[in-house]
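The values are calculated or read from the model by the stated rules, or taken from the named source; none is laboratory data. All of these numbers come straight from a predicted model, not from anything done at the bench. Heads up, the Cβs are rebuilt from the backbone with ideal geometry, glycines too, and the neighbour counts pull from every protein chain shown. Just so you know, the surface numbers come from the protein's heavy atoms only, side chains and all, with ligands and any DNA or RNA stripped out. Shrake-Rupley method; radii C 1.70, N 1.55, O 1.52, S 1.80 Å.
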Amino acid sequence: MDHDFIQKLTQIVQDNLGNEHFGPEQLAEIIGKSHSTLHRRVKEYSGQSTSQFIRAIRLNTAKELLLNKDDTIAEVSYKVGFGSPAYFNKCFHDEFGMPPGEFKKKFRSEKTRNRYYPLIYLLPALLLLLFFLIPNHRFSLFANKNTAEKTIAVLPFYYLGSEKDKEHLAYVMMLEITSKLSMVENLIVLSIPSVTTDNKKTDSHMAKKLGANYLLEGNLHTEDNKMKLIVNLTNTKSGEIEWSDTFNSGLENILQMESNISQAVAQQLNAFITPGEKARMQKVPTLSSEANDFYQMGRAAHMEYWKNNTDLESLNKAEDYYQKALNNDSAFAQAYVGLAQIAYDKTTWSDIFKNTYLDTVLSLANQALSFDNTLSDAYTLRGDYYRARFSDKAVMQYEKALHFNPNNWQAYYGLGNFYILKNSIKSAQNILEATKRRRGPEYPIMLDNLAFIFILNGLFDEGQELINRKLSWDTDSMYYYRRLALIEEYKEHFEKAARYALKARAIDSTNLNTNSLLAFNYVLLKEYEKATYYNERIVQISNNINFKLNNEHHRIGYVYLVNGDKQNATKYFHRQIDASQKLIAMGNAEEALYDLTATYAILNENDKAYENLKKVQQQNTNLWFIYFYMKNDPLLNTIRNEPAFQEILNRVKTKAETERDKLKNWAVQQKLFRPPLADI
């Protein structure tokens, strides 16, 4: 057992004992773990949730104070972080079987104090000893193996039957078994939705390289409405098959088979399954075999779209199959989730300012939860809805998703993107957790986002290493050169940044971000003819893909102004003000406040510029990239040399450097930059 880890947690809680607002989220942030990872480890070692763990430390400290100090009950309650003495009384009674006043009266009598003084003196040590011994004994009942993290990679199953219309079952069964195993908090489940080879030895090597302790593979046979699935569980360290079994059933019992296999695999891994997890694994989503058949075909078609998001035919097929599933069972919650995801996939960002933006997604997710309020994917979609609307409500939805599925990589990824400009450590933390659980086409995108976080915070070497890892995964040079261009831009090497951006554009001339990089760096180099060309490309591309520009108008306007076209410049400046104000009203103030500052400055409306700049300074965000813009953005030239501006600039710099150092220390604690790739 990791005693040092528990002792460290205990010390952190004790250091924050008087803070009634200190809870699991704050503890997770200090320790450098995600909320769910911390919960899992605390539960493994103590049998308690993180909240229960913190409360137990508060109450045991209160017990010591009552025995050894002359504080009143109210004073003790505040000292140990209870904002309400009444609530403290209740919690104390629940824990020790009597209210604190009765406890103090009974055990503080002179006779009892003298008699039990040695015991009282040793009480903290005894409690700590019991804290370590009891959980260790409890888990020894369930596990003969090491209780270290168990990571299992589930590969796509092979279909060996001759019935082509049943071929999709192998893939769908893999998805469902992965989903059920993901409900077990004691496991880290790594999904690999596709493989590039039929060589199983290569597959095993891949899973081992990516950090999985175990590999689950399956071969499916079907004939005359009967099926046989042979599953193998391989230990990737030894390369040996530790367990193999054959499951036979009729096709009408496919849901029960998936549940049985999932529980059997968890049992072989000695993963402790709580009663709630077991109930969710055994839950039958529909009693209609026809509805389930349509749903399975829908999932298979939907995955084809996710592999290639230009395959709209597959997306429409999936939508049709999900609807047919609901026609057979109108209470089929998972089919509503499928339709909600399709609605999300079909939405364009050009609709962002519409009042009905993504409402269909929310409505369908709510319908799903009305039939099954434990559906993690439905909560994830609600999180995506609120995140797209820049609402803090997204966090609660993602946390609910992780409660019902601790391996929901989409929920981790959603949280990571929600925090990307709000809290760099939380953002990186959650995206890192997502990378541990997914090796599909999304994985290199997540690595790119992780690199982006470090680059935004001025950690260029770390960002460079992450984009190198991404390149080794997907060989996508366009993204690679684009990130190199951003690094050089932030280093104030504008010519070098433009050269890298040109290399990216040579691979894909239609990428908006690449053209924006070129336009801005040519402005910084005062090559306005080139900047004009790339601004025109930005407008053309955004119109072609129906994408609404939100933070480029003022930059386009500046080039018009330099070229002497004041009328067009003013038009674009006011477009920027309108877009920024709408974004701020929606809750997306991180960049919009700065864009307002720069626009008002170039319009010589200095009072408004400073009003927004002060708000920028006050934000709880990673400010390093804002500091870069304040130093270099030509739109701020009119106020840059003023003492008031320089004072704010220095404050932003200090805060940015502090946040940068915090992120760097977190990365060191996570051992994020130790090779090889499997480390993340």
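The residue pairs whose first member lies in region 531-546 and is modelled with pLDDT under 90, whose second member is outside any helix (DSSP H, G or I) and surrounded by 15 or more Cβ atoms within 10 Å (Cβ to Cβ), and whose beta carbons are closer than 6 Å, counting only pairs six or more residues apart or on different chains, are S542/L549.
Of all the listed residues (S84, S34, S49), the sole one being among the small types (G, A, S) and buried (at least 20 other Cβ atoms within 10 Å of the Cβ) is S34. In region 387-410, of all residues being within 25 Å of E591 (Cα to Cα) and assigned to a loop (DSSP other than H, G, I, E, B), the one that is most open to solvent (accessible area, probe 1.4 Å) corresponds to D392. If you check E252, E242, which single one turns out to be part of a helix (DSSP H, G or I), open to solvent by 60 Å² or more (accessible area, probe 1.4 Å) and at negative phi? None of the others qualify; the one that does is E252.
In region 305-317, what count of residues is obtained for those that are without any contact (Cβ under 8 Å) to a residue 60 or more places away in the chain and buried (at least 17 other Cβ atoms within 10 Å of the Cβ)?
We begin by selecting, within region 305-317, every residue without any contact (Cβ under 8 Å) to a residue 60 or more places away in the chain; these are 305, 308-317.
Among the residues that remain, those that are also buried (at least 17 other Cβ atoms within 10 Å of the Cβ) are: 305, 314-315, 317.
Here the count works out to 4.
If the condition is being under 26 Å from N449 (Cα atoms) and open to solvent by 50 Å² or more (accessible area, probe 1.4 Å), then region 509-536 contributes S509, T510, N513. Take the conditions small (G, A, S) and buried (at least 19 other Cβ atoms within 10 Å of the Cβ) and apply them to A291. Does it pass? So A291 passes the test. For beta carbons closer than 8 Å, sequence separation of 6+ or different chains, a first residue in region 268-291 that is under 28 Å from N225 (Cβ atoms) and of a type in the set (D, E) and a second that is open to solvent by 40 Å² or more (accessible area, probe 1.4 Å) and at pLDDT 85 or above, the qualifying pairs are E290/N328.
Report whether or not A271 is surrounded by 13 or more Cβ atoms within 10 Å (Cβ to Cβ) and in contact with a strand residue (DSSP E or B) (Cβ under 8 Å, 6 or more places away or on another chain). Criteria met by A271.
Scanning region 654-671 for residues that are open to solvent by less than 70 Å² (accessible area, probe 1.4 Å) and over 16 Å from F625 (Cα atoms) returns W666, A667, Q670. Give me the pairs, please: first residue somewhere in region 318-333 and over 18 Å from N373 (Cβ atoms) and in contact (Cβ under 8 Å) with a residue 40 or more places away in the chain, second residue anywhere and of a type outside the set (S, T, Y) and buried (at least 21 other Cβ atoms within 10 Å of the Cβ), beta-carbon distance under 7 Å, and either six or more positions apart or on two chains. Short answer, once both residue conditions are applied: N328/A291; N328/F294. Restricting T274, T348, T286 to residues that are more than 25 Å from F404 (Cβ to Cβ) and at pLDDT below 90 narrows the list to T348. Within region 602-628, residues that are farther than 15 Å from L459 by Cα reach partners that are part of a helix (DSSP H, G or I) and open to solvent by 30 Å² or more (accessible area, probe 1.4 Å) with beta carbons closer than 7 Å, at six or more positions or on different chains, in the pairs Y610/A644; Q617/R651.
Residue-wise test of (1) in contact with a Ser or Thr (Cβ under 7 Å, 6 or more places away or on another chain); (2) within 18 Å of Y87 (Cβ to Cβ); (3) touching a residue at least 40 places away in the same chain (Cβ under 8 Å).
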position: Q11; (1), (2), (3): no, no, no
position: G18; (1), (2), (3): no, yes, yes
position: I31; (1), (2), (3): no, no, no
position: H35; (1), (2), (3): no, no, yes
position: K43; (1), (2), (3): yes, no, yes
position: S51; (1), (2), (3): no, yes, no
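So that you can scan it fast, the table gives a plain yes or no per residue for (1) in contact with a helix residue (DSSP H, G or I) (Cβ under 9 Å, 6 or more places away or on another chain); (2) at pLDDT below 95; (3) under 22 Å from N430 (Cβ atoms); (4) crowded, with 18+ Cβ neighbours inside 10 Å:
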| residue | (1), (2), (3), (4) |
| --- | --- |
| A325 | yes, yes, no, yes |
| I342 | yes, yes, no, yes |
| F353 | yes, yes, no, no |
| L358 | yes, yes, yes, yes |
| A368 | yes, yes, no, yes |
| D377 | yes, yes, yes, yes |
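Scanning region 168-212 for residues that are at pLDDT below 80, touching a helix residue (DSSP H, G or I) at 6+ places or on another chain (Cβ under 6 Å) and in a helix (DSSP H, G or I) yields a single hit, K209.
Scanning region 230-252 for residues that are among the hydrophobic types (A, V, I, L, M, F, W, C) and under 24 Å from A291 (Cβ atoms) yields a total of 2. Number of residues in region 429-472 that are modelled with pLDDT under 90 and in a loop (DSSP other than H, G, I, E, B): the value is 5. Which residue is nearest to I31 (Cα to Cα), if the candidates are limited to region 609-665 and must be hydroxyl-bearing (S, T, Y) and not in a helix (DSSP H, G or I)? Here the residue is T621. For region 420-427, does any single residue satisfy the condition of being under 24 Å from the mean Cα position of the chain (by Cα) and crowded, with 24+ Cβ neighbours inside 10 Å? Yes - at least one qualifying residue is present in region 420-427. Residues that are part of a strand (DSSP E or B), among the polar types (S, T, N, Q) and surrounded by fewer than 18 Cβ atoms within 10 Å (Cβ to Cβ) within region 220-239 comprise N232, N235, listed in sequence order.
Within region 469-483, residues that are within 18 Å of L502 (Cα to Cα) and without any contact (Cβ under 8 Å) to a residue 40 or more places away in the chain have Cβ atoms under 8 Å from residues that are charged (D, E, K, R) and assigned to a helix (DSSP H, G or I) in these pairs: D476/K470; S477/K503; Y479/D448; Y479/K470; Y480/K470; Y481/K503; R483/D448, counting only partners at least 6 apart in sequence or on another chain.
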